[in-house]
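Asker: Sharing a structure, written as structure tokens. Questions coming.
What follows is calculated from the coordinates using simple rules that are stated; it is not laboratory data. Remember, it's a predicted structure, so these values are computed and weren't measured experimentally. Counting neighbours? That spans all protein chains shown, and the Cβs are built from the backbone with ideal geometry, glycine included.
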Amino acid sequence: MEKIKIILVDDHSLVRGGIKSLIEKETFIKICGEADSGFQLFNLLEKELVNLVIMDIAMPEMSGIEVTKRLKEKYPDIKVLILSMYTDEEYILSAINSGASGYLPKNTTKQDLLLAIKTIMEGRDYYSNEVSEIMLNSYLTKAKRTQSEQKNGLDLLTKREKEILSLVVDGVGNQQIADSLFISVRTVESHKTHIMQKLEINSVAELVKFAIKNKITNIS
């Protein structure tokens, strides 16, 4: 049986070491490298292609979600398993939309991690029970949106866009927003553009009025 070639990506060496110690002795796994950032990952892939990348979300310069998107664009055959301390709906859905084949919390067990690796390499997606429940609750919540919310335009915005909208109208700068949400400034600017396009709003003043009216800001 050909071994599954894996690269571990996390900006904390202790975390990478912990993951490596859990799985490197498995006969069907070969750890081909470790990276502390997306840029280092792409440098490694220039030298050797792998089957699977196990990756964190919160990393410097490029988040794991952004890295996943770029990775799938350049190397569509490489699978991505997100292993993160963040289990918020927004992170999970963003990771999936970026092309990740699986999502596990960092407190996962060795058995669950190995099962995720095997399942993903068989061509199927894998999510822990906790993550699956969050995804289900997200679906049910969206299904129960009120008619009034649908009319005022809030249903057009994602949870992340509402979060960014609230921060923008509260006067938080792009860099601060990017740092607090572990995304790039470019991503923040892209979200702001999408928000204004969806709401058909052309100025920050109009955004403030919209946010106050719909109670998604602390400004009063």
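Asker: Under 1.5 on a/c is rounded, so check that first for region 4-136, then, if it is not, pick prolate when a/b is larger than b/c and oblate when it is not; a ≥ b ≥ c are the square roots of the alpha carbon gyration tensor eigenvalues.
Answerer: Rounded, since a/c falls under 1.5.
Asker: Longest span of the chain, sites excluded, free of trypsin sites (Lys or Arg not before Pro) in DSSP loop with at most 12 other C-beta atoms within 10 Å?
Answerer: Between exposed loop sites, the widest span is 26-123.
Asker: Taking amide H positions as placed 1.01 Å from N in the peptide plane, with prolines and chain starts having none, which residues 5 or more places from Ile29, or on another chain, fall under 5 Å of its amide H?
Answerer: Sorted by chain and number, the residues that satisfy this are Ile4.
Asker: Right, another one. Any idea how far apart Lys3 and Val172 come out in nm if each label point goes 7 Å out from Cα toward Cβ?
Answerer: 4.4 nm
Asker: Distance in nm between label sites at Leu136 and Lys213, each 7 Å beyond Cα in the beta-carbon direction?
Answerer: 3.8 nm
Asker: Follow-up. Efficiency by 1/(1 + (r/R0)^6): what FRET value for Asp125 and Asn202, r their Cβ-Cβ distance, R0 = 30 Å, to the nearest 0.05?
Answerer: Rounded to the nearest 0.05, the efficiency is 0.15.
Asker: Find how much the distance from Arg186 to Met85 grows on full extension, using 0.36 nm per residue of separation minus their present alpha carbon separation; answer in nm with one decimal.
Answerer: 34.0 nm
Asker: With labels modelled as points extended 7 Å from the Cα through the Cβ direction, what inter-label distance (nm, one decimal) is found for Lys74 paired with Thr27?
Answerer: 3.5 nm
Asker: Give or take rounding to whole Å, what are the principal axis extents of the alpha carbon atoms in region 74-145, in descending order?
Answerer: The principal-axis extents, from largest down, are 36, 30, 20 Å.
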